[in-house]
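What follows is a single structure, written as structure tokens, with notes after it.
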Amino acid sequence: MKKTALIFGVTGQDGSYLSRLLLKKGYVVHGIIRRSSSINTSRIDDIYQEPFTKKKNFILHYGDLTDGTSIFDLIKKVRPNEIYNLAAQSHVAVSFKVPEYTTNTDALGSLRILDSILKINPKIKYYQAGSSEMFGKVQSYPQNEKTPFYPRSPYAVSKVYAHWITINYRESYNIFACNGILFNHESPLRGETFVTKKIVKALCRIKNKRQKKLYLGNIYAKRDWGHAEDYVIAMWKILQYKKADDWVVCTGKQYSVKQFINLVAKKINLKIRWKGKGINEQALSKDNKVIIQIKKKYFRPAEVDNLKGNYSKAKKFLNWKPSKDINSLIQDMVNYELNDVSNAK
């Protein structure tokens, strides 16, 4: 019989890539979407059309992590073999503005799913999407599964709760509940408010004279950036492993936001030079126009400066490693933006 997967957050970057992966592996995939007055299924529209609807391989349902009744009813109806919780209020800066909503969704949402699994069928396998932001003010370097958490935002604090409640239900009720501690992962499908997408989109538009300036915050924050297409493979492998566990997924390589900018500029042959320091630092074009400017409002109340992971456990036991480096990631993102008519013209 075909396996059935239920994905919370199916319309997001990761949900889109994971859906495609599971469909290729012969799964029946059910996705949960929130009801909205505007259509937000653009990342999955192509796979929601024929032939998948006709074959009933990809089915969408309305639901919400803040609504325990809808979660319980959907799990009871679908009866999945695997549940992937990728849904979240996932923007770190926004979590400072809406901390209660972030907590209700990201922390208590995971509890609602786990408690539903316990009551409906404890044999359902569960994947909880964690984040390197949980390490926050890092206590050791590089970060692995044993590194203590020091979250620095409501988003990260909520993810730490989700991480530990997943472990608690695994140890208390013998549920196959796993945590993936994923470091930053990007793709052409990344949301436009996230810094990598913001940089690639803006520089492509500046190159094509569609935009004049890009505003950013802390360009010296360092991150471990991978490709979402690689990382959803790790998610799947985590639930196929012989025992439930917690896993760091990353590249083991680190770049600052400023380095990322320089790599994108080089890729699209946009000549830039930097001048100034601190809040007054700027990037200038070859004709000496300011195209990147630092704005204080884009700094977080509590910064996370230095994230770099160690995926040796996943490599050894899951036989997983990233297949795409930062240059191929940027190339994918640039190609997508340059093929976008609104940016290319």
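The values are calculated or read from the model by the stated rules, or taken from the named source; none is laboratory data. Bear in mind the structure is a predicted one, so any value in this text is a computation, not a measurement. A quick note on method: Cβ atoms are made from the backbone with ideal geometry, for glycine too, and the neighbour counts reach across all protein chains shown.
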From the list Tyr298, Tyr231, Tyr311, which one is among the hydroxyl-bearing types (Ser, Thr, Tyr), buried (at least 16 other Cβ atoms within 10 Å of the Cβ) and touching a Leu at 6+ places or on another chain (Cβ under 7 Å)?
Tyr231
Starting from residues that are within 20 Å of Lys198 (Cβ to Cβ) and basic (Lys, Arg), keep the ones in the stretch 260-278 and report whichever is surrounded by the most Cβ atoms within 10 Å (Cβ to Cβ).
Lys267
Identify the residue in the stretch 138-158 that is surrounded by fewer than 20 Cβ atoms within 10 Å (Cβ to Cβ) and of a type in the set (Ser, Thr, Tyr) and, among all such residues, is nearest to Glu100 (Cα to Cα).
Tyr150
Residues of the stretch 159-194 satisfying the condition of being in a loop (DSSP other than H, G, I, E, B), over 15 Å from the mean Cα position of the chain (by Cα) and crowded, with 21+ Cβ neighbours inside 10 Å:
Ile175
Consider Lys209 carefully, then state whether it is within 30 Å of Asn262 (Cα to Cα), among the basic types (Lys, Arg) and part of a loop (DSSP other than H, G, I, E, B).
yes
Does any residue of the stretch 246-259 turn out to be within 30 Å of Lys125 (Cα to Cα), surrounded by fewer than 23 Cβ atoms within 10 Å (Cβ to Cβ) and among the aliphatic types (A, V, I, L, M)?
no
Before we move on, is Lys242 closer than 27 Å to Lys313 by Cβ, without any contact (Cβ under 8 Å) to a residue 40 or more places away in the chain and either surrounded by fewer than 18 Cβ atoms within 10 Å (Cβ to Cβ) or not assigned by TED's automatic domain parsing to the domain that holds Cys178 (or both)?
yes
